[in-house]
Amino acid sequence: MGKQILLINDLPGYGKVALAAMLPILSQMGHHVFNLPTALVSNTLDYGKFDILETTDYLSNTIQVWDQLGFSFDAVSTGFIVSERQAQLVADYCQACKDKGSVVFVDPIMGDEGKLYNGITEKTVEHMRKLIGASDYMVPNYTEAVYLAGVEYRPQGVNLQQAKELVDKLRAQGAGSVVITSAKVDGQDAVIVCGKDSDTLEFLPFEMLPVRFPGTGDIFSALFMGRILSGVSLKESTQCAMDITKKLIALSQHLPDKYKGIPIESLLEVLQF
(Lines give C-alpha, C1' and ligand atoms only; values in the text may rest on other atoms or scores of the structure.)
Protein backbone atom coordinates (compact mmCIF):
# COMPACT_ATOMS: atom_id res chain seq x y z
CA MET A 1 0.00 0.00 0.00
CA GLY A 2 1.53 3.30 -1.11
CA LYS A 3 2.17 6.12 1.34
CA GLN A 4 1.19 9.80 1.03
CA ILE A 5 4.50 11.65 0.62
CA LEU A 6 5.13 15.40 0.55
CA LEU A 7 8.32 16.51 -1.19
CA ILE A 8 9.63 19.97 -0.23
CA ASN A 9 12.31 20.76 -2.81
CA ASP A 10 13.05 22.97 -5.82
CA LEU A 11 11.45 22.51 -9.24
CA PRO A 12 13.66 22.86 -12.33
CA GLY A 13 12.27 23.96 -15.67
CA TYR A 14 15.02 22.19 -17.62
CA GLY A 15 16.79 19.17 -16.18
CA LYS A 16 15.98 16.08 -14.14
CA VAL A 17 16.94 17.08 -10.62
CA ALA A 18 15.09 17.70 -7.34
CA LEU A 19 11.31 17.36 -7.76
CA ALA A 20 11.64 16.48 -11.46
CA ALA A 21 13.76 13.46 -10.53
CA MET A 22 11.99 12.39 -7.33
CA LEU A 23 8.32 12.56 -8.42
CA PRO A 24 8.48 9.89 -11.16
CA ILE A 25 10.61 7.54 -9.05
CA LEU A 26 8.34 7.57 -5.99
CA SER A 27 5.20 7.37 -8.17
CA GLN A 28 6.66 4.34 -9.96
CA MET A 29 7.34 2.77 -6.55
CA GLY A 30 3.61 2.96 -5.82
CA HIS A 31 3.48 5.99 -3.52
CA HIS A 32 1.16 9.01 -3.75
CA VAL A 33 3.38 12.05 -4.15
CA PHE A 34 2.64 15.73 -3.48
CA ASN A 35 5.00 18.68 -3.72
CA LEU A 36 5.76 22.07 -2.21
CA PRO A 37 8.40 23.88 -4.33
CA THR A 38 10.99 25.91 -2.41
CA ALA A 39 12.08 27.60 -5.65
CA LEU A 40 11.49 27.55 -9.39
CA VAL A 41 14.84 27.09 -11.10
CA SER A 42 15.27 27.81 -14.82
CA ASN A 43 17.67 24.89 -15.40
CA THR A 44 20.28 22.82 -13.62
CA LEU A 45 23.04 25.03 -12.23
CA ASP A 46 25.74 23.14 -14.13
CA TYR A 47 25.03 25.22 -17.24
CA GLY A 48 26.57 28.25 -15.50
CA LYS A 49 23.67 30.60 -16.26
CA PHE A 50 20.38 30.22 -14.43
CA ASP A 51 17.54 32.07 -12.76
CA ILE A 52 15.96 31.17 -9.42
CA LEU A 53 12.57 32.38 -8.21
CA GLU A 54 12.30 31.92 -4.46
CA THR A 55 8.80 30.79 -3.43
CA THR A 56 8.90 31.43 0.32
CA ASP A 57 5.70 33.54 0.42
CA TYR A 58 3.85 30.92 -1.63
CA LEU A 59 5.24 28.19 0.64
CA SER A 60 4.11 30.03 3.77
CA ASN A 61 0.62 30.69 2.38
CA THR A 62 0.24 27.13 1.11
CA ILE A 63 1.07 25.68 4.53
CA GLN A 64 -1.68 27.87 6.06
CA VAL A 65 -4.21 26.74 3.43
CA TRP A 66 -3.29 23.07 3.89
CA ASP A 67 -3.63 23.41 7.66
CA GLN A 68 -7.11 24.88 7.21
CA LEU A 69 -8.03 22.04 4.85
CA GLY A 70 -6.65 19.44 7.27
CA PHE A 71 -4.21 17.85 4.81
CA SER A 72 -1.78 15.34 6.31
CA PHE A 73 1.03 13.13 5.01
CA ASP A 74 2.55 9.81 5.98
CA ALA A 75 5.99 11.23 5.21
CA VAL A 76 7.61 14.59 4.52
CA SER A 77 10.92 14.94 2.68
CA THR A 78 12.99 18.12 2.45
CA GLY A 79 15.69 19.04 -0.04
CA PHE A 80 17.02 22.38 -1.32
CA ILE A 81 16.23 25.29 1.01
CA VAL A 82 16.84 28.74 -0.48
CA SER A 83 16.98 31.15 2.47
CA GLU A 84 17.13 31.47 6.24
CA ARG A 85 13.44 32.42 6.47
CA GLN A 86 12.48 29.42 4.36
CA ALA A 87 14.63 27.11 6.49
CA GLN A 88 12.80 28.32 9.60
CA LEU A 89 9.37 27.83 7.99
CA VAL A 90 10.20 24.34 6.75
CA ALA A 91 11.72 23.30 10.08
CA ASP A 92 8.57 24.42 11.93
CA TYR A 93 6.29 22.67 9.43
CA CYS A 94 8.27 19.41 9.58
CA GLN A 95 8.11 19.43 13.38
CA ALA A 96 4.34 20.03 13.23
CA CYS A 97 3.93 17.15 10.75
CA LYS A 98 6.10 14.89 12.91
CA ASP A 99 3.95 15.72 15.94
CA LYS A 100 0.97 14.43 13.93
CA GLY A 101 2.76 11.18 13.07
CA SER A 102 4.56 11.92 9.79
CA VAL A 103 7.95 10.31 9.13
CA VAL A 104 10.45 13.08 8.30
CA PHE A 105 13.33 12.66 5.83
CA VAL A 106 15.90 15.47 5.52
CA ASP A 107 18.43 15.76 2.72
CA PRO A 108 20.28 18.89 3.93
CA ILE A 109 21.41 20.18 0.52
CA MET A 110 24.03 22.81 1.35
CA GLY A 111 27.36 21.98 -0.25
CA ASP A 112 29.85 19.48 -1.59
CA GLU A 113 33.60 18.87 -1.82
CA GLY A 114 34.26 20.78 1.39
CA LYS A 115 32.41 24.01 0.45
CA LEU A 116 28.94 25.46 0.95
CA TYR A 117 26.95 26.32 -2.18
CA ASN A 118 26.59 29.99 -3.17
CA GLY A 119 24.01 31.74 -1.00
CA ILE A 120 24.16 29.21 1.85
CA THR A 121 25.11 31.05 5.05
CA GLU A 122 26.11 29.92 8.52
CA LYS A 123 22.62 31.05 9.59
CA THR A 124 21.10 28.63 7.08
CA VAL A 125 23.29 25.87 8.51
CA GLU A 126 21.91 26.69 11.99
CA HIS A 127 18.32 26.39 10.73
CA MET A 128 19.24 23.15 8.97
CA ARG A 129 20.44 21.82 12.35
CA LYS A 130 16.96 22.53 13.70
CA LEU A 131 15.50 20.70 10.71
CA ILE A 132 17.62 17.58 11.25
CA GLY A 133 16.50 17.70 14.87
CA ALA A 134 12.99 16.95 13.57
CA SER A 135 14.19 14.22 11.20
CA ASP A 136 13.64 10.49 11.46
CA TYR A 137 16.16 9.96 8.64
CA MET A 138 18.86 12.37 7.55
CA VAL A 139 20.85 11.85 4.35
CA PRO A 140 23.70 14.41 4.12
CA ASN A 141 26.78 13.98 2.00
CA TYR A 142 30.10 14.08 3.86
CA THR A 143 30.55 17.86 3.36
CA GLU A 144 27.07 18.64 4.71
CA ALA A 145 27.61 16.25 7.63
CA VAL A 146 30.77 18.05 8.80
CA TYR A 147 29.11 21.49 8.56
CA LEU A 148 26.09 20.28 10.54
CA ALA A 149 28.30 18.59 13.13
CA GLY A 150 30.71 21.55 13.34
CA VAL A 151 33.81 19.42 12.74
CA GLU A 152 36.76 19.74 10.39
CA TYR A 153 36.39 18.69 6.74
CA ARG A 154 39.02 16.09 5.86
CA PRO A 155 39.63 15.88 2.10
CA GLN A 156 41.40 12.55 2.53
CA GLY A 157 38.37 11.10 4.35
CA VAL A 158 37.93 9.76 7.87
CA ASN A 159 39.00 6.77 9.91
CA LEU A 160 36.58 4.60 11.88
CA GLN A 161 36.87 6.69 15.05
CA GLN A 162 36.32 9.98 13.21
CA ALA A 163 33.30 8.49 11.43
CA LYS A 164 31.80 7.47 14.77
CA GLU A 165 32.42 10.92 16.26
CA LEU A 166 30.76 12.56 13.25
CA VAL A 167 27.65 10.38 13.53
CA ASP A 168 27.49 10.88 17.31
CA LYS A 169 27.54 14.69 16.88
CA LEU A 170 24.72 14.52 14.33
CA ARG A 171 22.63 12.26 16.54
CA ALA A 172 23.20 14.53 19.53
CA GLN A 173 21.24 17.17 17.59
CA GLY A 174 18.20 14.93 17.66
CA ALA A 175 18.54 13.19 14.32
CA GLY A 176 17.15 9.67 14.10
CA SER A 177 18.85 7.35 11.62
CA VAL A 178 21.88 8.77 9.82
CA VAL A 179 23.04 7.95 6.28
CA ILE A 180 26.15 9.85 5.09
CA THR A 181 26.82 9.61 1.36
CA SER A 182 29.97 10.44 -0.64
CA ALA A 183 32.18 9.54 2.33
CA LYS A 184 35.64 8.01 2.35
CA VAL A 185 36.41 5.72 5.30
CA ASP A 186 39.96 4.42 5.68
CA GLY A 187 40.59 5.23 2.02
CA GLN A 188 37.51 3.39 0.72
CA ASP A 189 34.53 5.19 -0.88
CA ALA A 190 31.57 4.24 1.29
CA VAL A 191 28.17 5.25 2.59
CA ILE A 192 28.05 5.43 6.40
CA VAL A 193 24.85 4.04 7.92
CA CYS A 194 23.73 4.17 11.55
CA GLY A 195 20.24 3.27 12.72
CA LYS A 196 18.29 5.29 15.26
CA ASP A 197 18.56 2.74 18.06
CA SER A 198 22.00 1.41 17.18
CA ASP A 199 25.51 2.37 18.18
CA THR A 200 26.94 0.24 15.38
CA LEU A 201 28.10 1.94 12.20
CA GLU A 202 27.88 0.09 8.90
CA PHE A 203 30.07 1.03 5.93
CA LEU A 204 28.64 0.15 2.53
CA PRO A 205 31.43 0.45 -0.07
CA PHE A 206 30.78 1.70 -3.60
CA GLU A 207 32.64 2.16 -6.84
CA MET A 208 32.80 5.73 -8.14
CA LEU A 209 31.89 5.83 -11.85
CA PRO A 210 33.98 8.31 -13.90
CA VAL A 211 31.02 10.48 -14.92
CA ARG A 212 29.03 13.20 -13.16
CA PHE A 213 25.30 13.89 -13.43
CA PRO A 214 23.38 16.49 -11.41
CA GLY A 215 20.47 15.04 -9.45
CA THR A 216 21.99 11.70 -8.43
CA GLY A 217 21.64 12.68 -4.76
CA ASP A 218 17.93 13.34 -5.32
CA ILE A 219 17.58 9.98 -7.06
CA PHE A 220 19.32 8.23 -4.16
CA SER A 221 17.07 10.03 -1.62
CA ALA A 222 13.88 9.08 -3.47
CA LEU A 223 14.90 5.43 -3.83
CA PHE A 224 15.97 5.26 -0.19
CA MET A 225 12.78 6.87 1.09
CA GLY A 226 10.54 4.76 -1.13
CA ARG A 227 12.08 1.55 0.20
CA ILE A 228 12.01 2.65 3.85
CA LEU A 229 8.32 3.54 3.55
CA SER A 230 7.65 0.13 2.01
CA GLY A 231 8.96 -1.48 5.21
CA VAL A 232 12.49 -2.39 4.07
CA SER A 233 15.35 -2.24 6.59
CA LEU A 234 17.71 0.75 6.82
CA LYS A 235 20.76 -1.12 5.50
CA GLU A 236 18.87 -2.84 2.68
CA SER A 237 17.13 0.40 1.65
CA THR A 238 20.50 2.18 1.50
CA GLN A 239 22.17 -0.60 -0.50
CA CYS A 240 19.22 -0.79 -2.88
CA ALA A 241 19.32 2.99 -3.46
CA MET A 242 23.08 2.80 -4.08
CA ASP A 243 22.77 -0.09 -6.55
CA ILE A 244 19.95 1.42 -8.61
CA THR A 245 21.52 4.90 -8.67
CA LYS A 246 24.74 3.33 -9.98
CA LYS A 247 22.79 1.41 -12.61
CA LEU A 248 20.98 4.57 -13.77
CA ILE A 249 24.31 6.41 -14.08
CA ALA A 250 25.85 3.53 -16.02
CA LEU A 251 22.89 3.37 -18.43
CA SER A 252 23.07 7.14 -19.06
CA GLN A 253 26.82 7.73 -19.25
CA HIS A 254 26.80 7.80 -23.08
CA LEU A 255 24.44 10.80 -23.20
CA PRO A 256 26.10 13.91 -24.71
CA ASP A 257 24.50 16.52 -22.39
CA LYS A 258 25.17 15.36 -18.81
CA TYR A 259 23.98 18.72 -17.40
CA LYS A 260 20.35 17.72 -18.08
CA GLY A 261 20.58 14.97 -15.51
CA ILE A 262 19.44 11.35 -15.93
CA PRO A 263 16.29 10.86 -18.09
CA ILE A 264 14.33 9.09 -15.35
CA GLU A 265 11.09 8.47 -17.25
CA SER A 266 12.82 6.41 -19.96
CA LEU A 267 14.52 4.20 -17.34
CA LEU A 268 11.70 3.47 -14.91
CA GLU A 269 11.82 -0.28 -15.65
CA VAL A 270 15.15 -0.31 -13.72
CA LEU A 271 13.12 0.42 -10.58
CA GLN A 272 11.28 -2.90 -10.72
CA PHE A 273 12.24 -4.89 -7.62
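The values are calculated or read from the model by the stated rules, or taken from the named source; none is laboratory data. Given the structure is predicted, the values throughout are model-derived calculations rather than measurements. Quick reminder, even Gly has a Cβ in these numbers, built from the backbone with ideal geometry, and neighbours come from all protein chains shown. The area values use the complete protein model at the heavy-atom level, side chains included, leaving out ligands, DNA and RNA. Shrake-Rupley method; radii C 1.70, N 1.55, O 1.52, S 1.80 Å.
Quick look at the values:
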{"quantity": "Qualifying positions in region 59-105 - open to solvent by 10 Å² or more (accessible area, probe 1.4 Å), among the β-branched types (Val, Ile, Thr) and within 15 Å of the chain's Cα centre (by Cα)", "calculated": "VAL82, VAL103"}
{"quantity": "Those residues of region 209-251 which are farther than 25 Å from GLY48 by Cβ, free of Cβ contacts under 8 Å to residues at least 40 places away in the same chain and outside any helix (DSSP H, G or I), in sequence order", "calculated": "GLY231, VAL232, SER233"}
{"quantity": "Output for region 106-126, where each listed residue is part of a helix (DSSP H, G or I) and either open to solvent by 50 Å² or more (accessible area, probe 1.4 Å) or in contact with a His (Cβ under 9 Å, 6 or more places away or on another chain) (or both)", "calculated": "GLU122, LYS123, GLU126"}
{"quantity": "Scope region 145-179; condition part of a strand (DSSP E or B) and either farther than 19 Å from ASP197 by Cβ or of a type in the set (A, V, I, L, M, F, W, C) (or both); matching residues", "calculated": "VAL158, VAL178, VAL179"}
{"quantity": "First in region 119-140 and over 27 Å from ARG227 (Cβ atoms) and without any contact (Cβ under 8 Å) to a residue 40 or more places away in the chain, second anywhere and aromatic (Phe, Trp, Tyr) and open to solvent by 60 Å² or more (accessible area, probe 1.4 Å), Cβ under 8 Å, 6 or more apart", "calculated": "VAL125/TYR147"}
{"quantity": "Hey, ALA183 closer than 17 Å to PRO108 by Cβ, open to solvent by less than 70 Å² (accessible area, probe 1.4 Å), not in a helix (DSSP H, G or I) and not β-branched (Val, Ile, Thr) or not", "calculated": "yes"}
{"quantity": "Of all residues making up region 252-273, the number that are in contact (Cβ under 8 Å) with a residue 24 or more places away in the chain and open to solvent by 90 Å² or more (accessible area, probe 1.4 Å)", "calculated": "3"}
